[in-house]
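Structure record follows, encoded as structure tokens.
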Amino acid sequence: MAAKIPTFSPFSLNTKTKSSKSKLHVNKLTIIASKSTHPSIAGRKLRAAVIGGGPAGSSTAEALAAGGVETFLFERNPPSAAKPCGGAIPLCMLDEFSIPLHLVDRHVTRMRIFSPSNIAVDFGKTLKSNEFIAMLRREVLDSFLRSRAASAGATVISALVTAVDLPPSPTAPYTIHYTVQNTYRRRLAVDVVIGADGANSRVAKSIGAGDYTCAIAFQERIRLPDEKMAHYENLAEMYVGNDVSPDFYGWVFPKCDHVAVGTGTVRSKQGIKLLQRGIRDRVRDKINGGKLIKVEAHPIPEHPRPVRVRGRVALVGDAAGYVTKCSGEGIYFAAKSGRVCGNAVVKASEGGLKMIDEHDLRREYLKIWDGEYTSMFRFLDLLQRVFYGSNAAKEALVELCGDEYVQRMTFESYLYKKLAKGRVLDDAKMVMNTIGSLVKCNILGRKMEGLII
Ligand SMILES: Cc1cc2nc3c(=O)[nH]c(=O)nc-3n(C[C@H](O)[C@H](O)[C@H](O)COP(=O)(O)OP(=O)(O)OC[C@H]3O[C@@H](n4cnc5c(N)ncnc54)[C@H](O)[C@@H]3O)c2cc1C
């Protein structure tokens, strides 16, 4: 944990411009310093506060600290606390974020999707022998990523951030107010603030970043008798139908010694408990005899916030609103946005040697992020609007999931986080099948006018 935490000392910022010719290698980035119009921070390192120690915050802090920025990572919860989450991550995340295999509870190689009329389709037939969806417990993943940020040089502060004061001038410091052990109030002056504090982000509020629509997700952890747990050895289930959600899906995800049974919705938040009863009813025989060990609920953002960067503050992960529609997936995007943002600050500050500004964050973070992921998020938004709208559309969705080509494209996109490249003939066939299924379910004409992205 924290070794030396500086007390409040608003450092003075020298406003003279400075040009440097030093060459640094930071996180595989080669930085050649050039003439700069930014104020100098001669004699010290750029100082950043990262608020929130989930996947977004830890990945940001790791990138910042490894790149030479003086980094403070604030987390209010103890390591044993688990963020409410299904804990499913794509295969590519293990490699990209060097997550050791022993942290993975389950290798899911079979995915079964159930239609409103309970027709089941097996959805993992095209997976190769080395491919799987990794299921982890969030307390395990988050602790690991947090301690890696500390090993990279970040100071982890176990505290609740209560407020962020904005600077009175463009080069003055931000002030982070925080409370340690629910008792001691402290302040810290920083140059840069990263809001990685999740869907209820205090940092977003402090910069007036605007609101986003949220879904609410509800989940019960149920410990099953061994013979029932065996059914979920390497199997995850998804249930669609208005009984489990009008606009999302219900799930059963296997964990180390229990299953997570949950559902989510935007349209019917008041009725979430009724919907949870719906998913419980659907899986009744499979969870009978199980012991309820935890009940949890949390908002899931539906789209990015109107503002994600303001001044020297940037939002990442759920705070920014990076969760895909359709699947409700956000862990990978949290970690990835944190890394992109951390590297952006490192690059713009030339390894922590100079001040940055809003333009730097827009150019090095937002532009790169949006270039990489906007079309994927829009595509999944479109799919959700087509297929989650009614029970008829959900029947069509499950029918389509039986198609091997659809399965291959879906899994490749999910596991490797790239929109998979298709074959022209197969793509045409898939479009025809989609239209066929929608026509069969009598929904095509009624829906098309609503599908402009
Ligand atoms: C029920 C449910 C199931 C889900 N299942 C999946 C799934 O299977 N796969 C998937 O990819 N995604 C899933 N998601 C989405 C996923 O959980 C989020 O997208 C992801 O956690 C975002 O990570 P983050 O680091 O941005 O935010 P968070 O994980 O929310 O982390 C924010 C951190 O900030 C800390 N914090 C907040 N405020 C303060 C403060 N003031 N001071 C100090 N610390 C603070 C919090 O304690 C927390 O640790 C699910 C979500 C829910 C609700």
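The values are calculated or read from the model by the stated rules, or taken from the named source; none is laboratory data. Note that the structure is predicted; figures quoted are calculated from it, not measured. Note: ideal-geometry Cβ built from the backbone for every residue, glycine included; neighbour counts use all protein chains shown.
Look at region 71-101 and say how many of its residues are outside any strand (DSSP E or B) and among the β-branched types (Val, Ile, Thr).
Total satisfying the criteria: 1.
Every residue in region 89-106 that is crowded, with 21+ Cβ neighbours inside 10 Å and under 18 Å from ASP257 (Cβ atoms), please.
VAL104, ARG106
Is one or more of the residues making up region 109-120 at negative phi and within 16 Å of the chain's Cα centre (by Cα)?
Scanning region 109-120, I find no residue that is at negative phi and within 16 Å of the chain's Cα centre (by Cα), so the answer is no.
Please enumerate the residues belonging to region 401-412 that are in a helix (DSSP H, G or I) and over 12 Å from VAL240 (Cβ atoms).
GLU404, TYR405, VAL406, GLN407, ARG408, MET409, THR410, PHE411, GLU412 - these are the residues of region 401-412 that are in a helix (DSSP H, G or I) and over 12 Å from VAL240 (Cβ atoms).
Among the numbered conditions (1) modelled with pLDDT of 95 or more; (2) assigned to a strand (DSSP E or B), tell me where THR30 comes up short.
It is condition (1) that THR30 fails.
Quick check, is ARG408 surrounded by fewer than 22 Cβ atoms within 10 Å (Cβ to Cβ) and over 22 Å from the mean Cα position of the chain (by Cα)?
yes
Going through ALA344, ALA334 one at a time, which residue ends up being of a type in the set (A, V, I, L, M, F, W, C), modelled with pLDDT of 95 or more, under 22 Å from LYS83 (Cβ atoms) and not in a loop (DSSP other than H, G, I, E, B)?
ALA334
I'm trying to understand the selection: among the residues of region 181-208, which are within 11 Å of the ligand (Cβ to nearest atom) and surrounded by fewer than 18 Cβ atoms within 10 Å (Cβ to Cβ)?
ASN200, ARG202, LYS205
For the list (1) touching a helix residue (DSSP H, G or I) at 6+ places or on another chain (Cβ under 7 Å); (2) without any contact (Cβ under 8 Å) to a residue 60 or more places away in the chain, I need the number of the one condition that GLY271 fails.
(1)
Hand me the list of helices (runs of 4 or more DSSP H) wholly inside region 258-328 holding 3 or more residues that are within 30 Å of THR374 (Cβ to Cβ) and either within 12 Å of the ligand (Cβ to nearest atom) or not assigned by TED's automatic domain parsing to the domain that holds HIS359 (or both).
Helices (runs of 4 or more DSSP H) meeting the threshold: 317-320.
Residue by residue, here is whether (1) among the charged types (D, E, K, R); (2) in the same structural domain as TRP251 (by TED's automatic domain parsing); (3) at pLDDT below 95 holds:
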| site | (1), (2), (3) |
| --- | --- |
| LEU94 | no, yes, no |
| PRO100 | no, yes, no |
| LYS125 | yes, yes, yes |
| ALA159 | no, no, no |
| ASP165 | yes, no, no |
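Condition first: surrounded by fewer than 20 Cβ atoms within 10 Å (Cβ to Cβ) and in a strand (DSSP E or B). Now tell me which residues in region 217-234 satisfy that.
Hit for region 217-234 is ARG223, nothing else.
For the structure I just gave you, tell me whether ALA149 is away from the ligand (no atom under 11 Å from the Cβ), small (Gly, Ala, Ser) and in a loop (DSSP other than H, G, I, E, B).
no
Being buried (at least 16 other Cβ atoms within 10 Å of the Cβ) and of a type in the set (D, E, K, R) is the filter; apply it to region 287-321 and report the residue that is nearest to the chain's Cα centre (by Cα).
Restricting to residues being buried (at least 16 other Cβ atoms within 10 Å of the Cβ) and of a type in the set (D, E, K, R), the top hit is ASP318.
Return the residue satisfying two criteria in turn: it lies in region 137-164 and is small (Gly, Ala, Ser) and in contact (Cβ under 8 Å) with a residue 60 or more places away in the chain, and of such residues it is farthest from LEU94 (Cα to Cα).
ALA159
Using the structure shown, decide if ASP211 is surrounded by 14 or more Cβ atoms within 10 Å (Cβ to Cβ), under 25 Å from LYS325 (Cβ atoms) and of a type in the set (Asp, Glu).
Against the criterion (surrounded by 14 or more Cβ atoms within 10 Å (Cβ to Cβ), under 25 Å from LYS325 (Cβ atoms) and of a type in the set (Asp, Glu)), ASP211 does not qualify.
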